[in-house]
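Trainee: There's a structure below that I have some questions on.
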Amino acid sequence: MRHFVLYILTLLCVAAGAATGSDGQAKRYEFNQPLGSEWEYINAPQTGRYNIGEGRLRLYGATEDLDANGCPTFVGLRPDSAGFSMTTKLFLFDTLDGDEAGLAVYQAPQGYVQCCLNNYRGTHRLKLRLTLRNVRTVLVDKPMGIVNNVWLRMEDDGQNYTFHYSTDGQRYHLLESVDKSLLRPVVVGGGTGIVAGLYAYQGTTKLQAGPSYADFDFLEVSNKE
C-alpha cells in the first residue's frame with residue numbers, strides 16, 4: 001500500500017514562506033522562502049515539477065493522477081486541528097484538453113477529493129470529484145468560459161469538506177460539500193491521515209506538446225482552536 005513519505009527538498013529551488021499569526025489565526029504561504037519540513041508529497045517527488053518564480057509556486061502537471069502508482073504532482077499539509085480551511089489562487093497555463101490543477105484532500109489512493117480548474121475543449125470548467133475505491137463521482141461540473149485563474153477554498157467544519165470558488169477573490173460561491181466520513185481509512189482501505197494541498201495533472205493528449213503547468217499565488221490555512 002502506498003504511504004506518504006516526507007521529503008525535505010534540498011536540491012530544488014522551491015520556496016514557500018509562511019506568515020504566522022497567533023494561535024487560531026491564518027498562516028499565509030507566499031512561496032518566497034525555502035519549503036519547510038511540514039510539506040508532504042505522494043511518494044518521492046520528481047523535483048523538476050516543483051518550482052518558484054516571481055513569488056508563485058509552479059507545479060508542472062504529472063500524467064499520474066492521485067490514484068495512480070508513481071509520482072503525481074501534489075504537495076500538501078496535515079491539518080493542525082479537526083476544523084480548518086484552505087484558500088488559494090491558481091493560474092492555469094499552456095494547457096490542452098484534460099489538463100487541470102487545484103486543491104485536493106487526500107487520504108489514500110482509493111480515497112480523495114479534488115476541486116480543480118479543468119481545460120475542456122478549449123474552455124474551462126470547475127470540477128469537484130470524489131474518488132472512492134476505484135469509483136470516480138463528479139459532484140460539480142460548472143462551465144466557466146475561457147478563464148485561466150480562479151480562487152478556490154475548502155472548509156472543514158468537522159462533519160464535511162465544503163468547497164467554494166471566486167473569480168475576484170472577494171465573493172465566494174458554494175460548489176458542494178463532501179461528507180468527511182467517506183474518507184475514513186476503514187472506508188477507503190487504508191491511509192495515514194488526511195493531507196490537504198495543491199496538485200496539477202496533465203492529460204495524455206499533451207504529451208507531445210510539452211508540459212502544462214499551474215502557478216499558485218499563495219496558500220492560506222486557518223485552523224480552528
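The values are calculated or read from the model by the stated rules, or taken from the named source; none is laboratory data. Here the structure is a predicted model, which is why all the values come from computation and not from measurement. We place every Cβ from the backbone using ideal geometry, glycine too, and count neighbours over all the protein chains shown. Quick note on the areas: whole protein, heavy atoms, side chains included, nothing else; ligands and nucleic acids left out. Shrake-Rupley method; radii C 1.70, N 1.55, O 1.52, S 1.80 Å.
Trainee: Among the listed residues Val135, Val178, Val147, Val187, which satisfies the condition of being out of contact with any Leu (no Cβ under 9 Å at 6 or more places or on another chain) and aliphatic (A, V, I, L, M)?
Mentor: Val135
Trainee: Same structure, new question: When both residues are 6+ apart or on different chains and their Cβ atoms are under 7 Å apart, which pairs have a first residue that lies in the range 97-121 and is of a type in the set (Asp, Glu), and a second that is modelled with pLDDT under 95 and assigned to a loop (DSSP other than H, G, I, E, B)?
Mentor: These pairs meet every condition: Asp97/Arg121; Asp97/Gly203; Asp99/Gly61; Asp99/Gln202; Asp99/Gly203; Asp99/Ser212.
Trainee: Separate question: Just the residues that are open to solvent by less than 60 Å² (accessible area, probe 1.4 Å), in contact with a strand residue (DSSP E or B) (Cβ under 7 Å, 6 or more places away or on another chain) and assigned to a loop (DSSP other than H, G, I, E, B), please, taken from the range 37-66.
Mentor: Within the range 37-66, Trp39, Asn43, Ala44, Gly61, Asp65, Leu66 qualify.
Trainee: Let me confirm something: among Thr167, Thr204, which residue is over 16 Å from the mean Cα position of the chain (by Cα) and either over 24 Å from Thr63 (Cβ atoms) or at pLDDT 95 or above (or both)?
Mentor: Testing whether each residue is over 16 Å from the mean Cα position of the chain (by Cα) and either over 24 Å from Thr63 (Cβ atoms) or at pLDDT 95 or above (or both) leaves just Thr167.
Trainee: Follow-up question, since we're still on this one. Exactly one condition in (1) open to solvent by less than 20 Å² (accessible area, probe 1.4 Å); (2) out of contact with any Cys (no Cβ under 7 Å at 6 or more places or on another chain); (3) under 23 Å from Met144 (Cβ atoms) is false for Gly102; which is it?
Mentor: Against the list (1) open to solvent by less than 20 Å² (accessible area, probe 1.4 Å); (2) out of contact with any Cys (no Cβ under 7 Å at 6 or more places or on another chain); (3) under 23 Å from Met144 (Cβ atoms), Gly102 comes up short only on (2).
Trainee: Which residues, counting only those in the range 110-128, are more than 24 Å from Gly169 (Cβ to Cβ), open to solvent by 20 Å² or more (accessible area, probe 1.4 Å) and within 17 Å of the chain's Cα centre (by Cα)?
Mentor: Gln110
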